[in-house]
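Notes follow the structure.
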Number of protein chains: 2
Amino acid sequence: MATDRDTVLEAAVGVLSRRPTAHMDEIARAAGISRATLHRLFPGREALIRDVGRLGLERFAAALDTAAIEDGDTEAALRRLVDASVPDAMLCAFLAGENQLYDHDDINDLWEVQIARLHALFLRGQQQGVFRIELSAAWLSEAFFDLVAGIGWAIQDGRLAPREAAFSLAELFLGGALRRPSTPAPTAPIPVGPTHSTSDRKPETDTP
Amino acid sequence: MATDRDTVLEAAVGVLSRRPTAHMDEIARAAGISRATLHRLFPGREALIRDVGRLGLERFAAALDTAAIEDGDTEAALRRLVDASVPDAMLCAFLAGENQLYDHDDINDLWEVQIARLHALFLRGQQQGVFRIELSAAWLSEAFFDLVAGIGWAIQDGRLAPREAAFSLAELFLGGALRRPSTPAPTAPIPVGPTHSTSDRKPETDTP
DNA sequence: TAATTTTGAGACATCTGTGTCTCACTTCGT
DNA sequence: ACGAAGTGAGACACAGATGTCTCAAAATTA
C-alpha cells in the first residue's frame, strides 16, 4: 500500500533502474497499487520518470548537504559523502542510465548544480594537496558518480552486500583519488592549472 | 553510406548508448541509411540491439585476449587491458546500461565468461600480492567495468578527451586497486579467503 | 452505522512505433 | 549501354502501450 507519492517513486526506481522500458503496468504492480491510481498520482509516464529523476537529484543534493562537502578537510568530506550517498545509490544508478532526463531544463539545471558542487569539492581538495592533480576534477566527479551508480546496480542485483558498499566505494575511489602519503601534502595551496605534472604519460593534442 | 553490418552497429551504439529508447528511425539516420535498409540488415529492433550487445561483448572479449590478461604480471596485464578496452568504451557503456540484454541466454553466457575472466585476473593479482585483498575481486571487476562505461559516456558527451581516457582510467582505478607500495608484496602467494584483513571497518552480517 | 472518499478492475479509444510492402531511382558490373 | 542488384521514400496494417472513463468494492471519517 504505497499511496504516498514518494513511496511510489521509490518503488518505481526499483523497476526502472533495471528495466528503463518497463510498462506502467509493472511499475504499478511494483508499487502495490493499480494502474488507475498510478495515473491519478502522476499525469502520465513522462511526468512519472521526470519526478523519479527529480527525487534522485534531490536525494543526492541532500547527501551533499548532510555531508557538508564545502566544509573542512576534503578527504573527510568525501568520506562523509560516501556514507550519505550510498543509501540512495539506486537513485543515482537511475540518473546515470537515464540521460534522456536532461532534456528538461529544470532537471538539467538541478543536475549541473550538484555536479558543480562535486567538482568544487575535488578542486578544493587538489588545491589543498589532498587529491591528485594529474586527474582532472571533472573526471574525478564523473568517476565518483559512476561508482556510486555501480554500487546501486550491484546492490540491487545482489552482487554486493549493502554493508560492504560504503567501504568498497570509499576505499577504491579514495585510493585512486588521494595523493600518495609518500608525497606529503605541502602547507601552501598548490596551483592547479594546465600544468602537466609528474605523470609518466602526457596527454597531448586531441586527435581521434 | 554504411551498408556494412558492423558499421551500422557502431553507428547504432552512438545513439543507443545515450538514448536506449531511440526509434529505428533515428538509428537509421545515424547510420546514414534508410529505415528500409536497416530492416533489411536486421530482422527487427530486437535483433538489432541484440547484435549490438553481442558486438560489444565480442569486442570486450577481444580486448581481454589482446591484453593477454591471463599472462604475466597482473598490474601490467591490467594496464594492457585498459589500453585495449578504452577504444571500445562506448560499447561497454551500452552493455552497462542495457541490463535487458541478459535475458537472452547466449548473450548472458558470453557476458559471464568475460566477467569470470576479469574476476580471475583480480583474484590472481590478489594472490600475487599486487591487488588489495580488502576489496573483493567481484567488486573490483564490477567497478572496473563501470569505470570503462563511464569513460565511454564521458568521451561521447565530450566531457573527456579521448587521449586522456586511458591514463585517467588506469591511474584512478589502479590507485584504488593496487596494494600500497609501502607494504611490499611478499614473494609467496597470499592466502585469499574469508579472512578480514587490516581494514579499519569490518563488514558483518547482512541486514538491510 | 451511514456518508464520503479512495481504490481496483475492466473496458475503451487513441496514438505511436514497428514490420512489410511497393515502386522509382541510383549504382554497380558486364 | 544494358541489365541486375541494392537503396530510399512512402504507404499501409498491425500490435502494444498509454491515457481516460465507469462502476463496484473497500477504506476512511463522522
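What follows is calculated from the coordinates using simple rules that are stated; it is not laboratory data. The model shown is predicted, which means the values in this text are computed figures rather than measured ones. Every residue, glycine as well, gets a Cβ built from its backbone with ideal geometry; the counts of neighbours run over all protein chains shown.
Among the residues of region B:21-36, the ones that are within 11 Å of DNA strand C (Cβ to nearest atom) and either within 14 Å of another protein chain (Cβ to nearest Cβ) or in contact with a helix residue (DSSP H, G or I) (Cβ under 7 Å, 6 or more places away or on another chain) (or both) come to 10 in all.
Selection of region A:142-163 for residues being surrounded by 23 or more Cβ atoms within 10 Å (Cβ to Cβ), part of a helix (DSSP H, G or I) and facing chain B (nearest Cβ under 9 Å) yields A:E142, A:A143, A:D146, A:L147, A:A149, A:G150, A:I151, A:W153, A:A154.
Of the residues in region A:1-39, how many are of a type outside the set (V, I, T), over 27 Å from the mean Cα position of the chain (by Cα), assigned to a helix (DSSP H, G or I) and surrounded by 12 or more Cβ atoms within 10 Å (Cβ to Cβ)? Qualifying residue count, region A:1-39: 4.
The residues in region A:20-39 that are basic (K, R) and more than 8 Å from DNA strand D (Cβ to nearest atom) can be counted, and the count is 1. For region A:40-66, taking the residues that are surrounded by 15 or more Cβ atoms within 10 Å (Cβ to Cβ) and within 12 Å of DNA strand D (Cβ to nearest atom), the one that is farthest from A:G97 (Cα to Cα) is identified as A:L41.
Pairs linking a residue in region B:29-56 that is more than 18 Å from B:S17 (Cβ to Cβ) and of a type outside the set (V, I, T) to a residue that is more than 13 Å from DNA strand C (Cβ to nearest atom) and assigned to a helix (DSSP H, G or I), with Cβ atoms under 7 Å and 6 or more positions apart or on different chains, are B:L41/B:R5; B:L41/B:V8.
Restricting attention to region A:124-141, and to residues there that are facing chain B (nearest Cβ under 7 Å) and either surrounded by fewer than 23 Cβ atoms within 10 Å (Cβ to Cβ) or touching a residue at least 12 places away in the same chain (Cβ under 8 Å) (or both), which single residue is nearest to the chain's Cα centre (by Cα)? This residue is A:A138. On the given criteria, is A:L81 surrounded by 20 or more Cβ atoms within 10 Å (Cβ to Cβ) and either closer than 20 Å to A:G152 by Cβ or more than 16 Å from the chain's Cα centre (by Cα) (or both)? In short, yes. Within region B:146-156, not a single residue is farther than 19 Å from A:L95 by Cα and either of a type outside the set (A, V, I, L, M) or under 14 Å from the mean Cα position of the chain (by Cα) (or both). Filter region B:122-141 down to the residues that are in contact with a Leu (Cβ under 7 Å, 6 or more places away or on another chain) and assigned to a helix (DSSP H, G or I) and list them by number. Selection gives B:F122, B:A137, B:W139, B:S141.
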